[in-house]
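Following: one structure in structure tokens, then a few remarks.
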Amino acid sequence: MHMLTTLVPILGLSTGLAHAASYTLEDDFGMGSSFFDKFDFYTSTDPTHGFVKYVDRTTANTDGLISSTNSSTYMGVDYKNAATSGRESVRITSKKSYTHGLFVLDLAHMPGGVCGTWPAYWLLGSDWPSNGEVDIIEGVHDQTNNAMAGHTSDGCSINNSGFTGSLSTSNCYVSAAGQSTNAGCSISDASSQSYGSGFNAASGGVYATEWTSDAISIWFFPRGSIPLDLTNGTPDPSTWSEPSARFAGQCDIDAHFRAMQIVFDTTFCGDWAGAVWSTTGCASKASSCDAYVANNPSAFRDAYWSINSLKVYQQGSSAKRAFPATSKPSGFVKIHQHARHGHVA
């Protein structure tokens, strides 16, 4: 977690023209307390049925789940106490929603690679799936390659071209025939440094997500291969190599992806990680995912996000498309399923 429209070759021209317009900084989420000021803390029951207890900002701060310095922001989970009814964690949603933009996350460390975990960094629209969902970073347990996905209403599928990752499913419609329910369109990154232990061992890197009327593209740049224009704050995606994922094809992007918010979360087990526990290298650690998460607090010391920066850029007049999020309807939950893993999120 689109009107049926065939993209014709002229869109390649429009994409080039869009890139020609320079990106300017719209939002710098900053460091220190100002980072968390720009997010709401989600404290309701996990819609993915995870073995988790999402806490508010005050509790997260008191219990050491969040902290920040002038150079980085930390979001972790409880790794000190047994958890009989769910391990404490944090899920945050940006106060502002966006339509189009370039989202640049410089990440030093992610919670992935830890048995029992299911972390994600994603964009989500209201009235799911009508306004879309884009999973930029997502995985479970000891997964090594990042899973990226799009989730929409009927009438949106993507082409298997223009990206370096491996296409798993092509129809973004959450109830598409011939795919697992809620699979959406999903692409696996080709690099084992893109997720989990491999990502953390290499000191992380940058995820850049460009969202235009023509396509939603995701690039992963390892720490030693970040383009100079990104480092300098003058990003120009037209000069970058092929993205890891590109969501475009028989899909009207603007009809299916609108006013999405930025979300970070770390849950445990649940409808994906719990369901596949017995098929992973983690299965020998405990009889079930819940049992492992409940009784091994120290195992989750490294289940944290360390964010160097999060910035959103816009092209020209597109900057006016960003606006404060409206109240969320009662159905505002993340409910999707990866074809390979049968999870709901």
Next item on the list: Starting with the highest mean, order 242-251, 206-215, 111-120, 92-101 by the number of other Cβ atoms within 10 Å, averaged over the residues of each peptide.
Entry: 111-120, 242-251, 206-215, 92-101
Margin query: So if I restrict to the alpha-carbon atoms in segment 36-106, what is the Rg, and what is Dmax, the biggest pairwise distance, in Å?
Written below: 13.8, 42
Check: Which value, in Å² rounded to 10, gives the accessible area of residue 80 with a 1.4 Å probe and all protein chains present?
Finding: 150 Å²
Notebook entry, point to check: Where does the chain land at 222 nm, in deg cm²/dmol rounded to the nearest 500, when only DSSP H runs of n ≥ 4 count, each adding -39500 (n - 2.57), divided by all residues?
Noted result: -3000 deg cm²/dmol
Notebook entry, point to check: What net charge do the residues around residue 312 carry, taking every other residue with its C-beta under 9 Å from that of residue 312, with Lys and Arg at +1 and Asp and Glu at -1?
Noted result: -1
Margin query: Could you report segment 143-242's accessible area per residue, 1.4 Å probe, as an integer in Å²?
Written below: 36 Å²
Note to self: Given 10 °C and 1.306 mPa s, compute D for the chain with the Stokes-Einstein relation, Rh being the Kirkwood radius over Cα pairs; round to the nearest whole µm²/s.
What the structure shows: 80 µm²/s
Check: What's the tally of Lys pairs in the chain whose alpha-carbon atoms lie under 19 angstrom apart, where the two lysines are 8 or more places apart or on different chains?
Finding: 17
Check: Share of the chain's accessible area from carbon and sulfur, percent, 1.4 Å?
Finding: 49 percent
Check: Across segment 21-179, how large is the tail of the calculated P(r) beyond 28 Å, expressed as a percent of all Cα pairs?
Finding: 30 percent
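The values are calculated or read from the model by the stated rules, or taken from the named source; none is laboratory data. Worth saying up front: this structure is predicted, and the values here are computed from it rather than measured. Please note: Cβ atoms are built from the backbone with ideal geometry, for glycine as well, and neighbour counts cover all protein chains shown. What goes into the accessible areas is simple: the full protein's heavy atoms, side chains included, and nothing from ligands, DNA or RNA. Shrake-Rupley method; radii C 1.70, N 1.55, O 1.52, S 1.80 Å.
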